[in-house]
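One structure below.
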Amino acid sequence: MNFKVKSSLLAAIILCGAVENFSRAADFAFGADLSFLKQAEARGKVFKDGTNALPGLQIFKNHGYNWIRLRIFVEPVGGNLPNDLAYTIAEAQDAKKLGYKFLLDLHYTNSWADPKQQPTPEAWKDLSHKARVKEVFEYTRDTIASFREAGVLPDMVQVGNEITQGMLWPDGKLPAHWNNFADYLRAGINGVDAGRGTNSPPKIMIHIDTGGSAANTKYFFDKLNGYKISFDVIGLSYYPWWHGTLMDLRENLAFTANTYHKDIIIVETAYNWRPARETSDRVGPFPETPEGQRDFLDEQTRVALQTPDQRCKGIFWWEPAVGNRGSLVSRSFFDEDGNSLPVLSVFDKYTRPIPRTDNP
């Protein structure tokens, strides 16, 4: 084989590999939860990519991010939580103008919902179970309809946030009240469908926090499947300080893909670029430095892309642009002065144009 033929063959192999990676990138959610971004910028925070000050949404778009995740509370409590309907619609509209796909995270609370707290909204507390189920349906239907009417129907909807221990406590708290919990999930899912009008249905995500535990993932979804809940995507949180090693994540992704044959998204993850108080009792897999933060996301992305049957379809960072929110800045993609950190560029190699082969 002469040199020219060898060179042509090598170029074809490289091009095929690049096209395959580009195709997978187009199907992969390079995502960011930017629920605090609009508030931070309204308060005067300026984010910079190198020396360039740009709108935060544009900075992430320039680095290949193609999905935005936004949470919404029923009635946000306190002036520091901006995530009501009007605020969330406005940020979704800004994101859609730039071509982002949109994941809506319904908390079904007035404040934070997670495995340690799933409080029932104050206005729903005194309702009967049946009336509360009806309220979940109507609230979800009306919320989705509002996004639809504003031209930003979500592409995907989480019915609840980190619902490993249920939702709308105490009535829907697990493991004691699986029947009630299943009623709430069905009501939320049916509400999404009712609110979409004649549009294509958003994908439904069920989100739990067991990214590093195959055993806990198995318990939850085996039990959930017994109730014949219809959904599309399994969402996992994975924070290495609390959820295990990267090997634990790899094993759980493989187990989940092979067992449930559904798409998976690591819908919450983060790593510190400097030590933080709330994670000081655990050691992470990389140094808590700007370079260590970058290396964590880089390695996690490789783990995700190796999931059997390419079932892992995305990664969302929580939250990379928070303004000056205390310890959360330690997980941000920007330092306290708004300067970008190395982690911002991790997805570049997956989302940049394919290499040229014409040797200009």
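Taking residues in region 70-97 that are within 24 Å of residue 168 (Cβ to Cβ) and charged (D, E, K, R), and partners anywhere that are modelled with pLDDT under 95 and not in a strand (DSSP E or B), the pairs with Cβ atoms closer than 6 Å and at least 6 places apart or on different chains are 84/76.
A count restricted to region 60-93 and to residues that are among the β-branched types (Val, Ile, Thr) and over 18 Å from the mean Cα position of the chain (by Cα) stands at 2. Considering only region 282-296, I want to know if a residue exists there that is assigned to a loop (DSSP other than H, G, I, E, B), among the charged types (D, E, K, R) and over 19 Å from residue 237 (Cβ atoms). Yes: one or more hits. Candidates are the residues of region 113-135 that are touching a strand residue (DSSP E or B) at 6+ places or on another chain (Cβ under 9 Å) and not charged (D, E, K, R); the one that is nearest to residue 203 (Cα to Cα) is 113. Answer yes or no as to whether residue 184 is buried (at least 20 other Cβ atoms within 10 Å of the Cβ), modelled with pLDDT of 95 or more, of a type in the set (Ser, Thr, Tyr) and closer than 23 Å to residue 311 by Cα. Criteria not met by residue 184. Of these, 309, 298, which one is in contact (Cβ under 8 Å) with a residue 12 or more places away in the chain, more than 27 Å from residue 51 (Cα to Cα) and within 21 Å of the chain's Cα centre (by Cα)? 309 is the lone residue from the list that is in contact (Cβ under 8 Å) with a residue 12 or more places away in the chain, more than 27 Å from residue 51 (Cα to Cα) and within 21 Å of the chain's Cα centre (by Cα).
Of everything in region 47-61, what is touching a strand residue (DSSP E or B) at 6+ places or on another chain (Cβ under 8 Å) and either among the basic types (Lys, Arg) or surrounded by 15 or more Cβ atoms within 10 Å (Cβ to Cβ) (or both)? Give them in sequence order. Passing the criteria: 47, 48, 49, 54, 57, 59, 60. Filtering 273, 241 for residues that are touching a residue at least 24 places away in the same chain (Cβ under 8 Å), of a type outside the set (D, E, K, R), buried (at least 24 other Cβ atoms within 10 Å of the Cβ) and over 26 Å from residue 188 (Cβ atoms) leaves a single hit, 273. Counting only residues that are at pLDDT 95 or above, touching a helix residue (DSSP H, G or I) at 6+ places or on another chain (Cβ under 8 Å) and assigned to a loop (DSSP other than H, G, I, E, B), region 337-360 holds 3 of them.
The values are calculated or read from the model by the stated rules, or taken from the named source; none is laboratory data. Quantities reported herein were computed from a predicted structural model and do not represent experimental measurements. Here the Cβ is made from the backbone with ideal geometry for all residues, glycine too, and neighbour counts use every protein chain on show.
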